[in-house]
Amino acid sequence: MTPESLALTHAAAFGGTGWPAQDFQQYLADKTVLIFGDAECFAVMRVLGPEAEILTLATHPDKQGTGRATALLDGALAKLGTANVTEVFLDVADDNAAALALYRRCGFTQFATRNNYYASGASAICMKALLSPASPR
């Protein structure tokens, strides 16, 4: 995975408004950030102690609807659980039905809402998943 390939997929997945390559370069160099997946389907997560935050998850539109994101996220959560991460947090736009369904399938539940959080006017649904190293996903 290169910063450029990640940026291309991110832009495609988010309708051309993805993060620039230099952001991904910084994440690749950050020891608190893990990137799971490949250039066509990936999750960027910051891990601090027993908590992790999903900063972004993107699947190239040509690969969406194939189960790749579910498999990726399930695998990432299993790895985090065995690394003593106990909670994973994320924000997702309330109008992103596919992402909301993905996160619910993977065990995330809503705990708060941030109204009008995104530039589009969408609200952020704050979600979390509780992990256990004894319970493989």
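Before moving on, here are some points about what is shown:
- Output for the stretch 8-56, where each listed residue is touching a strand residue (DSSP E or B) at 6+ places or on another chain (Cβ under 7 Å) and among the small types (Gly, Ala, Ser): ALA13, GLY37, ALA43, ALA52
- Residues in the stretch 15-38 that are assigned to a helix (DSSP H, G or I), open to solvent by 70 Å² or more (accessible area, probe 1.4 Å) and over 14 Å from LEU55 (Cα atoms): GLN22, GLN25, ALA29.
- Number of residues in the stretch 34-61 that are farther than 21 Å from GLY81 by Cα and hydrophobic (A, V, I, L, M, F, W, C): the value is 2.
- The set of residues from the stretch 120-137 being loosely packed, with under 14 Cβ neighbours inside 10 Å and either more than 25 Å from PRO50 (Cα to Cα) or not hydrophobic (A, V, I, L, M, F, W, C) (or both) comprises SER120, GLY121, SER132, PRO133, SER135, PRO136.
- Residue within the stretch 18-27 that is in contact with a Cys (Cβ under 7 Å, 6 or more places away or on another chain) and over 26 Å from LEU131 (Cα atoms) present: no
- Residue in the stretch 68-86 that is without any contact (Cβ under 8 Å) to a residue 24 or more places away in the chain and surrounded by 15 or more Cβ atoms within 10 Å (Cβ to Cβ) present: no
- Cβ pairs under 6 Å, 6+ apart, first in the stretch 14-38 and over 20 Å from LEU77 (Cβ atoms), second of a type in the set (D, E, K, R) and open to solvent by 70 Å² or more (accessible area, probe 1.4 Å): ALA21/GLU4
- Some residue of the stretch 33-45 being farther than 26 Å from THR2 by Cα, in contact with a Ser or Thr (Cβ under 8 Å, 6 or more places away or on another chain), of a type in the set (Gly, Ala, Ser) and at pLDDT 95 or above: no
- Hits in the stretch 1-53 (condition: of a type in the set (S, T, N, Q) and more than 22 Å from ALA97 (Cα to Cα)): THR2, SER5, GLN22, GLN25, GLN26, THR32
- When residues in the stretch 44-61 are screened for being surrounded by fewer than 22 Cβ atoms within 10 Å (Cβ to Cβ) and without any contact (Cβ under 8 Å) to a residue 40 or more places away in the chain, 8 of them pass.
- Exclusive hit being of a type in the set (Phe, Trp, Tyr) and open to solvent by 20 Å² or more (accessible area, probe 1.4 Å), set TYR117, TYR103: TYR117
The values are calculated or read from the model by the stated rules, or taken from the named source; none is laboratory data. Just so it is clear, the structure is predicted and the values come from calculations on it, not from any experiment. Neighbour counts run over all protein chains shown; Cβ positions are idealised from the backbone, glycine included. Keep in mind that these areas ignore ligands, DNA and RNA; they rest on the heavy atoms of the full protein, side chains included. Shrake-Rupley method; radii C 1.70, N 1.55, O 1.52, S 1.80 Å.
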